[in-house]
Ligand code: SAM
Ligand code: SF4
């Protein structure tokens, strides 16, 4: 009788290849919070297969580049850094370089990586993170490179629960509640690279959050491209209420929301659901109804303003932030002025603004009337100047107030003795304090308020 070879666990195959104490993994992350969360799973998987953690790519035998495809600039930056890894591979032939993230789900990029970057061993799209062990085992076993053709954008990939997560912060955690996007905003690549929308079971989300709260995590951010369309045995507002019942001293945030799906029930959660932080990030993209139509956003300015009004009726101090795209094809001076008028009217606490970047395969990439780059840049400057004034004015009333701040750690600019944290509304605060306060809530009296940050002193 023919002998059937016993099936080997791919993770075991990788473990046999890994040299204990010597083989290390380096994960480099570009892009959004979803990518940061995905990187924690990539790292978790690599550590579970025996790799240690490397501080630099030169020190690593496995390099995973978690890429972003949202704008051309992000792609070019990743490609340039991947190009630099050629020397790492030349120095150590055991090095395996994998390109993960949204670029790995773009067929033309996969083709490009295969042809022009011979030292890249594999690509792995975001929906298939769980296949890292089998992909890696295949590369090690066959000594061949692996470039899987990305799934069709119509695919609904399964949700893989139970992937080990190596969280990079002990006091803050990302919790993905859904993956993918069905909205097809005409400028956006996300639905093509992250597949159709799918929500995790509420039980899985709740048990993950219970575990985090029990381990002392102080801030949890629910992630999804459009969390408002979360659906399992409850909707998003239902999920937020259930999280509110979990014991612990933690703040709850979520992103991102789509104005077309914001419900009254969700708005009613503010001020009533324990843990829920008074902060709402609600991308508007443009203040012109004509441009919003061309973007396929499926709301108009009036609908957006009514959400803002209802949110502020519940909590006048709620922090409101938004995203705006400048220079979308066909954006006239009048359309752009309408965006500035909207910023003056709503008075967001902060706005993240982007110059439109055509993405191959999206409808807007074929639209006529591109806005010349110098016009987009000039518009961007005006928008930034206006929003800077508004943000400074919004922060000024905080002067003299004492706020509860979650300290994240030393200031990223490295100023000795200065720590950084966030208020409940998500505003950045710098203050002198000993390093031991990192990861704890502290009371800070605000004595300076600029457009982008507050400064203060510890009061306890
Ligand atoms: N799902 C979220 C949403 O609907 O806002 C986040 C999408 S994306 C990761 C974050 C922001 O990038 C978007 O809100 C949009 O302002 C911007 N963006 C997306 N595609 C873009 C493009 N092609 N050019 C410039 N900015 C873009
Ligand atoms: Fe992109 Fe629109 Fe989906 Fe956000 S909602 S990820 S902008 S398609």
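Regarding the range 382-404, can at least one residue be identified that is at pLDDT 95 or above, within 15 Å of ligand 1 (Cβ to nearest atom) and under 19 Å from residue 280 (Cα atoms)? Yes, that holds for at least one residue. Taken as a whole, the condition of being in contact with a helix residue (DSSP H, G or I) (Cβ under 6 Å, 6 or more places away or on another chain) and within 16 Å of ligand 2 (Cβ to nearest atom) does not apply to residue 199.
Of all residues in the range 277-286, how many are outside any loop (DSSP other than H, G, I, E, B) and farther than 21 Å from residue 225 by Cβ? The number of residues fulfilling the criteria is 0.
If you scan the range 121-145, which residues turn out to be more than 27 Å from the chain's Cα centre (by Cα) and not in a helix (DSSP H, G or I)? Answer for the range 121-145, where residues must be more than 27 Å from the chain's Cα centre (by Cα) and not in a helix (DSSP H, G or I): 143, 144, 145. All of 175, 190 fail the test of being buried (at least 18 other Cβ atoms within 10 Å of the Cβ), under 23 Å from residue 255 (Cα atoms), within 16 Å of ligand 2 (Cβ to nearest atom) and under 21 Å from the mean Cα position of the chain (by Cα), apart from 190. Within the range 267-286, take every residue that is within 16 Å of ligand 2 (Cβ to nearest atom) and buried (at least 22 other Cβ atoms within 10 Å of the Cβ) and give me the one that is nearest to the chain's Cα centre (by Cα). The selected residue is 280.
The rows are residues; the columns are (1) farther than 23 Å from residue 43 by Cβ; (2) buried (at least 18 other Cβ atoms within 10 Å of the Cβ).
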site: 167; (1), (2): no, no
site: 184; (1), (2): yes, no
site: 196; (1), (2): yes, no
site: 229; (1), (2): yes, yes
site: 244; (1), (2): yes, no
site: 261; (1), (2): yes, no
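Among the residues making up the range 90-109, those that are assigned to a helix (DSSP H, G or I) and either surrounded by 14 or more Cβ atoms within 10 Å (Cβ to Cβ) or more than 29 Å from the chain's Cα centre (by Cα) (or both) are 90, 91, 102, 103, 104, 105, 109.
Each residue in the range 146-170 was checked for being over 23 Å from residue 54 (Cβ atoms) and assigned to a loop (DSSP other than H, G, I, E, B), and 15 of them qualify.
Name the residue, out of 179, 187, 117, that is at pLDDT 95 or above and away from ligand 1 (no atom under 16 Å from the Cβ). Going through 179, 187, 117 in turn, the sole match is 117.
The listed residues are 57, 133, 93, and the only one of them that is in contact with a helix residue (DSSP H, G or I) (Cβ under 6 Å, 6 or more places away or on another chain) and closer than 19 Å to residue 16 by Cβ turns out to be 133.
Starting from the range 166-195, keep only residues that are within 14 Å of residue 150 (Cα to Cα), then list their pairs with residues that are near ligand 2 (Cβ under 7 Å from one of its atoms) whose Cβ atoms are within a distance under 6 Å, requiring at least 6 positions of separation or different chains. Pairs that qualify, where the first residue is within 14 Å of residue 150 (Cα to Cα) and the partner is near ligand 2 (Cβ under 7 Å from one of its atoms), are 190/181; 190/225; 191/181; 191/184.
The values are calculated or read from the model by the stated rules, or taken from the named source; none is laboratory data. These figures come from a predicted structure and were not determined experimentally. Neighbour counts are summed over all protein chains in view; Cβ atoms, including those assigned to glycine, are modelled from backbone coordinates with ideal geometry.
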